[in-house]
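To keep things clear, I will list the structure first and then write my remarks on it.
Taken together, the values in this text are just the output of simple stated rules run on the coordinates, not laboratory data. Since this is a predicted model, take the numbers as computed values, not measurements. Here the Cβ is made from the backbone with ideal geometry for all residues, glycine too, and neighbour counts use every protein chain on show.
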Amino acid sequence: MIDKVEKFVEYVPGGMAEGMTAEDVAKIHSVDVSVINKQIKAGVKIEKEHSPDPNIQAEICRDHLTETPFYYDYLEEMEKSFKDNLKEDLERGKMETEEEEHKKGRKAKEEDAIALIKKSPNPEDEVLHEYAEENEINVPSLEAQMYKLATKYIQEEGKEDDEEDSLIDAKKKEEEKKKNGGKKEEEKEEEEEEEEDPEEKKKKEEKKKKEEENKKKKPIKKEKKDNETKGETLKRLFG
């Protein structure tokens with residue numbers, strides 16, 4: 001079949017190999033004609049998608065082979081690479097579609113995020129997307145408002161903790177102050193005692209000693225009075 005299609009006949013006007021046989025194409029690349037014929041044999045199977053006529057298929061092959069004598073080897077490698085990357089390409093296409101979807105809708109406000117939280121506390125990503133779609137809200141802007149609210153909440157909680165710590169610290173300082181104040185009073189009294197004139201100090205000690213002795217004597221007198229008979233009391237009082 002290849003011998004038949006390699007006759008010098010143009011079935012489709014124009015093309016890079018117009019008026020050229022397989023031998024002519026081989027001469028362009030300085031390769032043996034068998035290399036070109038092998039590529040045409042592989043190529044006609046692929047070019048069936050363009051035409052059912054084997055002559056036209058071979059002519060399309062010659063056009064491609066003027067670019068490189070191994071065109072269909074490279075094409076096979078490219079198709080294999082394409083199949084290997086197909087999953088990745090599909091995922092990429094899906095991501096780009098989602099990005100385009102994200103751009104749709106109005107810009108979210110803080111009240112939109114609050115309304116979503118009231119409806120679904122700690123919402124999952126799918127719930128957030130559904131809410132955004134229902135309310136015609138731009139998804140990234142709604143996510144930004146959610147992060148903003150979370151940050152605000154954390155900052156306010158931290159502020160409350162700081163205020164509580166400040167109150168505790170103030171109370172501790174006050175207690176410490178009172179405690180230190182009592183100690184200072186005691187130290188002051190001790191200092192005053194140390195600074196007092198020795199003579200004056202001696203007089204105070206003697207006076208204190210006398211007062212203690214008098215206190216001891218009084219109960220004794222009382223005890224004597226309690227032990228007196230009625231007659232003895234009358235005699236003591238009236239002689």
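In table form, for the structure just shown:
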read-out	value
Sites GLU126 and LYS148 - FRET efficiency at Förster radius 25 Å, r taken between beta-carbons, to 0.05	0.75
Förster radius 45 Å - calculated FRET efficiency between VAL12 and MET95 (Cβ-Cβ, nearest 0.05)	0.65
Distance in nm between pseudo-label sites at TYR74 and ILE117 (7 Å out along the Cβ direction from Cα)	5.9
Exceeding the 28 Å Cα-Cα cut-off - candidates LYS27/LYS48; LYS45/LYS87; LYS179/LYS204; LYS178/LYS209	LYS179/LYS204; LYS178/LYS209
Karplus 3J(HN,Hα) series, Hz, for segment 52-63 with 6.51 cos²θ - 1.76 cosθ + 1.60 (x for Gly, Pro)	x, 7, x, 5, 5, 4, 5, 5, 5, 4, 4, 4
Semi-axes of the equivalent ellipsoid for segment 2-87, Cα gyration tensor, largest first, Å	23, 15, 11
Derived scalar couplings ³J(HN,Hα) [segment 19-34; Karplus, 6.51 cos²θ - 1.76 cosθ + 1.60; whole Hz; x for Gly, Pro]	x, 10, 8, 4, 4, 4, 5, 4, 5, 4, 9, 6, 10, 6, 4, 5
Amide proton proximity set for ILE137, modelled H, under 5 Å, gap of 5+	ARG106
Vicinal HN-Hα couplings computed from phi for segment 38-47 (Karplus, 6.51 cos²θ - 1.76 cosθ + 1.60; Hz; Gly/Pro x)	4, 5, 5, 4, 6, x, 4, 5, 7, 7
